[in-house]
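Student: What follows is a single structure, and I will ask about it in a moment.
The values are calculated or read from the model by the stated rules, or taken from the named source; none is laboratory data. What you are looking at is a predicted structure, and each value in this text was computed from that prediction instead of being measured. Because the Cβ atoms are built from the backbone with ideal geometry, glycine has one as well, and the counts that use them run over all protein chains shown.
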Amino acid sequence: MRDNLGGAFKMATAALESGDSRVPAWWRAAGCIAAVLPFLFLVALASLRPDFNRPGTADWKSVLALANAFWENGDGYEARHLYLQVERIAAWHHDWKGLVAAACGVKRLDGARGPYSKAFQILLRALVAAQNRQSHQGVVIVAEAFGVLGEHKAAEMALAHIRSDWPAETEAPVENLTETCAAPR
């Protein structure tokens, strides 16, 4: 096999020395394709995922208010889209409050229960965010939201993750985020 590669190389160099221009043209075309292909890939990726080139929204509360307005007007499709956008923004900022609000909104629209529901998955993200921030209040509110969803084992599991060595919280009291979870469809 090594002799075959050496033979191909010798043929290519002989063709170059003899003035045969087919081999350099092939290499030029391959070089152009290799240079342009990553650029085309990035353009396609940016068009398929506009999140990559969109400036992030700093406040999820305004998007949540808009989602609630669409829900009240009966536009469930747009409301769900906006609740998932609230989830995305809150996840970027590791904000458990926004994640709980998004989970309650999605639960209100879907009504799905169980560990495979979207609301359950969002609440798990909220639990992780609350634990990372060492927020006793956050874990308790996430556990309440699990309880409202009917996932009492998950609520017990969340409460078991509260650690006594977490620093005391000085945050202002949080509005009742879980009341929208209990609201009827």
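For (1) outside any loop (DSSP other than H, G, I, E, B); (2) at negative phi; (3) out of contact with any strand residue (DSSP E or B) (no Cβ under 6 Å at 6 or more places or on another chain); (4) buried (at least 22 other Cβ atoms within 10 Å of the Cβ), each residue gets a yes or a no:
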residue: Leu64; (1), (2), (3), (4): yes, yes, yes, yes
residue: Phe70; (1), (2), (3), (4): yes, yes, yes, no
residue: Glu78; (1), (2), (3), (4): yes, yes, yes, no
residue: His81; (1), (2), (3), (4): yes, yes, yes, no
residue: Pro115; (1), (2), (3), (4): no, yes, yes, no
residue: Leu123; (1), (2), (3), (4): yes, yes, yes, yes
residue: Ala130; (1), (2), (3), (4): yes, yes, yes, yes
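Student: Same structure again: Quick one: would you say Gly56 is at pLDDT below 90 and not in a helix (DSSP H, G or I)?
Tutor: yes
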